[in-house]
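Notes follow once the structure below has been shown.
The values are calculated or read from the model by the stated rules, or taken from the named source; none is laboratory data. Bear in mind the structure is a predicted one, so any value in this text is a computation, not a measurement. We place every Cβ from the backbone using ideal geometry, glycine too, and count neighbours over all the protein chains shown.
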Amino acid sequence: MFEQFINFLKLFKDIPDADIAIIEHELIYKKIKEGEVLFREGNICKEMYFICKGVLRVVSQNEKGNHVTHFFLKENQFCCILNSFNNNLHGNEGIETACDAELIIIKKQKLLILFEKLPYLKPLINGIQLQSLVDKIQIKNAYQGEDAAMRYRNFLIRQPDIALRVSLSDIASYLGITQQSLSRIRKNMR
């Protein structure tokens, strides 16, 4: 059940078997249904998620009360509201499941214990999170300056696996267009 998480970490650093047992002891595995709120905007993030299966979305509420999708995250990625998690601040975004998901949940207090027991783990996880943040920003920036149709085409090219698994309303929110516009764009592509 935790093998995917451990194998992912092993891509970046060899981890002794004794350390694997210590790490696994602090992890929680959970299946989550589509649309569930994992972290609510305005709270302090106290959990980090590793995605074994599925897609999570980072969202916030705009001035009209609509949820806006900022990022999608998929298998073999960590997800948390990093500034809130690291600095005990109220988060400006929330986390929801964009489709059914299987997650490894790491509670902050347990992660801090792991960092004490296994000092190499903190720079390892921080490095992975930093690279993930850079990747998310690069993908999001690639859509800037494009018209709605081109943003959708680029989304299909850059993130086809996500396009196949999440709702059209989530895609429209992510691309900054209305669902009606997205439906028109999709109709015109056929």
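Within the stretch 150-170, the residues that satisfy the criterion of being in contact (Cβ under 8 Å) with a residue 40 or more places away in the chain and part of a helix (DSSP H, G or I) are Asp161, Ile162, Asp170. With respect to (1) under 23 Å from Leu164 (Cβ atoms); (2) part of a strand (DSSP E or B), the lone exception for Asn76 is condition (2). Output the residues belonging to the stretch 144-181 that are among the hydrophobic types (A, V, I, L, M, F, W, C) and either under 16 Å from the mean Cα position of the chain (by Cα) or closer than 24 Å to Lys33 by Cβ (or both). Ile162, Ala163, Leu164, Val166, Leu168, Ile171, Ala172, listed by residue number. Sub-6 Å Cβ pairs linking a first residue in the stretch 109-124 that is free of Cβ contacts under 8 Å to residues at least 40 places away in the same chain to a second residue that is of a type outside the set (A, V, I, L, M, F, W, C) and surrounded by 14 or more Cβ atoms within 10 Å (Cβ to Cβ), at least 6 apart or interchain, are Phe115/Lys122, ordered by first then second residue.
If the requirement is being outside any strand (DSSP E or B), in contact with a Ser or Thr (Cβ under 8 Å, 6 or more places away or on another chain) and among the small types (Gly, Ala, Ser), which of these qualifies: Gly42, Gly127, Gly35? Step by step, each of Gly42, Gly127, Gly35 is checked, and only Gly35 is outside any strand (DSSP E or B), in contact with a Ser or Thr (Cβ under 8 Å, 6 or more places away or on another chain) and among the small types (Gly, Ala, Ser). Exactly one residue out of Asn7, Asn66, Asn92, Asn76 is of a type outside the set (A, V, I, L, M) and free of Cβ contacts under 8 Å to residues at least 12 places away in the same chain, and it is Asn7. Evaluation of Arg165 against the conditions (1) modelled with pLDDT of 95 or more; (2) assigned by TED's automatic domain parsing to the domain that holds His25 shows that the sole unmet condition is (2). Restricting the stretch 84-124 to residues that are assigned to a loop (DSSP other than H, G, I, E, B) and of a type in the set (D, E, K, R), the residue that is surrounded by the most Cβ atoms within 10 Å (Cβ to Cβ) is Glu93.
Would you please name the residue that is nearest to Ser169 (Cα to Cα), looking only at residues in the stretch 39-65 that are among the charged types (D, E, K, R) and surrounded by fewer than 23 Cβ atoms within 10 Å (Cβ to Cβ)? That would be Lys64. Cβ-Cβ distance below 7 Å, separation of 6 or more or different chains: which pairs start in the stretch 17-29 with a residue that is of a type in the set (Phe, Trp, Tyr) and end on one that is surrounded by 11 or more Cβ atoms within 10 Å (Cβ to Cβ) and not in a loop (DSSP other than H, G, I, E, B)? Final answer for the pair search is Tyr29/Ile104.
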